[in-house]
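Some notes on the structure that comes next.
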Amino acid sequence: MENILQYIDWQDLTALLFFIACWAGYSYYTRHERNEAGSLLAVTNRYRMEWMQEMLKRDNRSVDAIMVGNLQRSITFFANTTIFLLLGLLTMLGYHEEAAPIIASIPFAKASTAFMWEMKILLLMVLFIYAFFKYTWSMRQYNYAGIFIVACPPYDNKLEEHERIAAKGTYLIGNAARHFNNGLRAYYFALALLAWFIHPYLFMTATAWVVFVTHRREYHSGTLKNLAR
């Protein structure tokens, strides 16, 4: 550990710890039951519950299968894009000497060693690998949701039983949406991490800005207020 720390100055170390604290802290904040109840995900889960209740009353559920397929396609796009980003970052590991003059031409940019260059690239790769796993798990859960919809029994006025079935479908699709949100959040923080290539302080500013924007969209956006009415 001491051998690694000797290659990192206090500015970079502070920025890295601030980034980790913001990401971990915000993830913990969103998982807290009290905070989760007022989120955009919680509000849309109510619509998912209504969707499942209406789905059970339909004899022909092709529209529900089409809807699940549409949701799945958007996630597939992000999962495929993540693979290309990882391949590009893997190539960038050995391009420190070529990139250093370009970064040095930016005003107030801080020069970084080859070790720090590789560390920044590797951290970006960790974020996108995390996002890839979230996207693919979300995609699989939408697959399961499609199977669930086809397997649901026809509506026969057994209210209590159908409420339980609708709740199961809501949880399944809501959990898929949660993992998709986590993947998107990793993308947002990866964009903030790009500022680290210029300066640690800019990296910290970008990280704080991402937390602010993400929180506003999930808890105070106009979309949330409109859906919650």
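Annotations for the structure displayed:
- A protection proxy built from the mean count of other Cβ atoms within 10 Å ranks the segments 200-213, 59-72, most packed first, as 200-213, 59-72.
- Sum of -39500 (n - 2.57) over DSSP H runs of 4+, divided by residues of the chain (222 nm, nearest 500): -28000 deg cm²/dmol
- Amide N of the stretch 111-134 lying under 19 Å from the label point, which is placed 7 angstrom from the Cα of Ala104 along Cα→Cβ: 111-118
- Quotient of Cα Rg and 2.2 N^0.38 Å for the stretch 128-229, N being how many residues it contains: 1.49
- Asp156 versus Leu194: modelled label distance in nm, points set 7 Å from Cα along the beta carbon direction: 5.6
- Against the main long axis of the alpha-carbon atoms of the chain, helix 114-151 sits at an angle near 10°.
- Per-residue Karplus couplings for the stretch 100-107, computed as 6.51 cos²θ - 1.76 cosθ + 1.60 with θ equal to phi - 60°, are listed in order as 4, x, 5, 5, 5, 6, 7, x Hz, Gly and Pro entered as x.
- Simple spin-label estimate for Val63 and Tyr219 gives 3.6 nm between the two label positions (7 Å along the Cα-to-Cβ direction from each Cα).
- Between Ser74 and Ala37, the distance separating the two model label sites (each 7 Å from Cα on the Cα→Cβ line) works out to 2.7 nm.
- Sorted from longest to shortest, the spans of the Cα atoms of the chain along the three principal axes equal 70, 34, 32 Å.
- Highest average packing first - 101-113, 130-142, Cβ atoms within 10 Å: 130-142, 101-113
- Only Cα pairs under 8 Å and 6+ residues apart enter the sum, and on that basis the relative contact order of the chain stands at 33 percent.
- Two-site FRET efficiency, Leu87 against Arg164, from Cβ-Cβ distance with R₀ of 41 Å, rounded to 0.05: 0.35
- Rounded to whole Hz, the Karplus (6.51, -1.76, 1.60) HN-Hα couplings of the stretch 12-27, x for glycine and proline: 5, 5, 4, 5, 5, 5, 5, 4, 4, 5, 5, 5, 5, x, 5, 4
- Evaluating 6.51 cos²θ - 1.76 cosθ + 1.60 at θ = phi - 60° for every residue in the stretch 194-207, the Karplus couplings come out as 4, 5, 5, 5, 9, 7, x, 5, 5, 4, 5, 4, 5, 5 Hz, glycine and proline recorded as x.
- With an a/c value of 1.5 or above and a/b larger than b/c for the gyration tensor axes a ≥ b ≥ c computed over the alpha-carbon atoms, the stretch 157-201 is described as prolate.
Laboratory data are not the source of any read-out in this text; all were calculated from the coordinates shown. Note that the structure is predicted; figures quoted are calculated from it, not measured. Every residue, glycine as well, gets a Cβ built from its backbone with ideal geometry; the counts of neighbours run over all protein chains shown.
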